[in-house]
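Read the structure below first, then the notes.
The values are calculated or read from the model by the stated rules, or taken from the named source; none is laboratory data. All values reported here derive from a predicted model rather than from experimental measurement. Reconstructed Cβ throughout: ideal geometry from the backbone, glycine too, with neighbour counts over all protein chains shown. Areas reflect the complete protein model, heavy atoms only, side chains present, ligands, DNA and RNA absent. Shrake-Rupley method; radii C 1.70, N 1.55, O 1.52, S 1.80 Å.
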Amino acid sequence: MRRFSLASLFLAVLIFSSLSWAATSHDVTVSISPFARLSVTGTVAFQVDPNDFDQNGFASKEVADAVQLTVKTNSSTGCMVSASGTDFTGGAAKFSIGALKVKIGSGNYVPLSNSPAQVLQIQGVKNNTTYPVTFQLNLDGSEPAGNYSATVTYTVAANS
């Protein structure tokens with residue numbers, strides 16, 4: 001009987017130990033696509049008074065830093081921000097969004113239109129980097145008096 005117990009114990013140890021010798025492994029592969037995210041904070045308002053118009057009927061007003069763009073991208077080649085806008089409307093009157101120019105950070109002014117135009121090219125990975133936006137409104141005097149509004153839309157795309 002004792003031999004049977006020792007033999008059973010030896011067999012059990014052999015079985016359990018062989019289970020622990022069996023090992024296998026695998027690799028885990030992660031593929032992360034480039035992305036870019038954009039958030040916009042703030043609003044902009046222009047007040048154009050009669051004294052803002054020169055003797056030829058032109059007026060130019062600027063509003064700086066009222067709007068901020070915050071960009072995040074994981075793309076090593078950066079991303080591109082574009083902007084477009086709707087025409088200014090006020091009651092039955094309207095005038096072109098082309099009267100409005102936008103400048104991001106220390107960049108150059110870019111006139112807006114109904115189609116997206118590049119306003120900022122960012123190089124490399126950015127983690128919630130904020131850029132101030134400056135707007136310039138140029139009126140030629142043909143715009144009827146009134147209150148107007150327009151919508152500016154920003155889009156961001158990771159460079160590939």
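Would you tally the residues in segment 21-74 being of a type in the set (S, T, N, Q), within 16 Å of Tyr154 (Cα to Cα) and open to solvent by less than 80 Å² (accessible area, probe 1.4 Å)?
First pass over segment 21-74, keeping only residues of a type in the set (S, T, N, Q): 24-25, 29, 31, 33, 39, 41, 43, 47, 51, 55-56, 60, 68, 70, 73-74.
Remaining after also requiring within 16 Å of Tyr154 (Cα to Cα): 39, 41, 43, 68, 70, 73.
The next check asks that each one be open to solvent by less than 80 Å² (accessible area, probe 1.4 Å); those that pass are 39, 41, 68, 70, 73.
Total meeting the criteria: 5.
Does segment 48-60 contain any residue that is in a loop (DSSP other than H, G, I, E, B), free of Cβ contacts under 8 Å to residues at least 12 places away in the same chain and farther than 22 Å from Gly146 by Cβ? Before the answer, list the steps.
Just the residues of segment 48-60 that are in a loop (DSSP other than H, G, I, E, B), to begin with: 48-49, 53-58.
Checking which are free of Cβ contacts under 8 Å to residues at least 12 places away in the same chain leaves us with 49, 54-55.
Within this subset, residues satisfying the condition of being farther than 22 Å from Gly146 by Cβ are 55.
Checked against the condition, which is being in a loop (DSSP other than H, G, I, E, B), free of Cβ contacts under 8 Å to residues at least 12 places away in the same chain and farther than 22 Å from Gly146 by Cβ, segment 48-60 yields at least one hit.
Could you grab me the full set of residues in segment 97-107 that are open to solvent by 40 Å² or more (accessible area, probe 1.4 Å) and either among the charged types (D, E, K, R) or touching a Phe, Trp or Tyr at 6+ places or on another chain (Cβ under 8 Å) (or both)? Spell out the reasoning first.
Within segment 97-107, the subset open to solvent by 40 Å² or more (accessible area, probe 1.4 Å) is 101, 103, 106.
Passing the criteria: Lys101, Lys103.
Using the structure shown, decide if Lys94 is open to solvent by 30 Å² or more (accessible area, probe 1.4 Å), of a type outside the set (A, V, I, L, M, F, W, C) and out of contact with any helix residue (DSSP H, G or I) (no Cβ under 9 Å at 6 or more places or on another chain). Don't jump to the end; show me each part of the working.
On the way: open to solvent by 30 Å² or more (accessible area, probe 1.4 Å): yes; of a type outside the set (A, V, I, L, M, F, W, C): yes; out of contact with any helix residue (DSSP H, G or I) (no Cβ under 9 Å at 6 or more places or on another chain): yes.
Against the criterion (open to solvent by 30 Å² or more (accessible area, probe 1.4 Å), of a type outside the set (A, V, I, L, M, F, W, C) and out of contact with any helix residue (DSSP H, G or I) (no Cβ under 9 Å at 6 or more places or on another chain)), Lys94 qualifies.
Within segment 108-133, which residues are assigned to a loop (DSSP other than H, G, I, E, B) and either surrounded by fewer than 15 Cβ atoms within 10 Å (Cβ to Cβ) or at pLDDT 95 or above (or both)? Lay out the reasoning, then the answer.
In the first step, residues of segment 108-133 are kept if they are assigned to a loop (DSSP other than H, G, I, E, B); the result is 108-109, 112-116, 123-125.
Across segment 108-133, the qualifying residues are Asn108, Tyr109, Leu112, Ser113, Asn114, Ser115, Pro116, Gln123, Gly124.
When you look at Val30, is it part of a loop (DSSP other than H, G, I, E, B), modelled with pLDDT of 95 or more, of a type outside the set (Ser, Thr, Tyr) and out of contact with any Gly (no Cβ under 7 Å at 6 or more places or on another chain), yes or no? Lay out the reasoning, then the answer.
Details: part of a loop (DSSP other than H, G, I, E, B): yes; modelled with pLDDT of 95 or more: yes; of a type outside the set (Ser, Thr, Tyr): yes; out of contact with any Gly (no Cβ under 7 Å at 6 or more places or on another chain): yes.
Here the answer is yes, as Val30 does meet what is asked.
What are the pairs with Cβ atoms under 7 angstrom where one residue, in segment 140-160, is under 16 Å from Ile97 (Cα atoms) and the other, located anywhere, is in a loop (DSSP other than H, G, I, E, B) and open to solvent by 50 Å² or more (accessible area, probe 1.4 Å)? Sequence gap at least six, or different chains.
Matching pairs, first to second residue: Asp140/Phe58; Gly141/Phe53; Gly141/Phe58; Gly146/Gly91; Ala150/Thr86; Thr151/Thr86.
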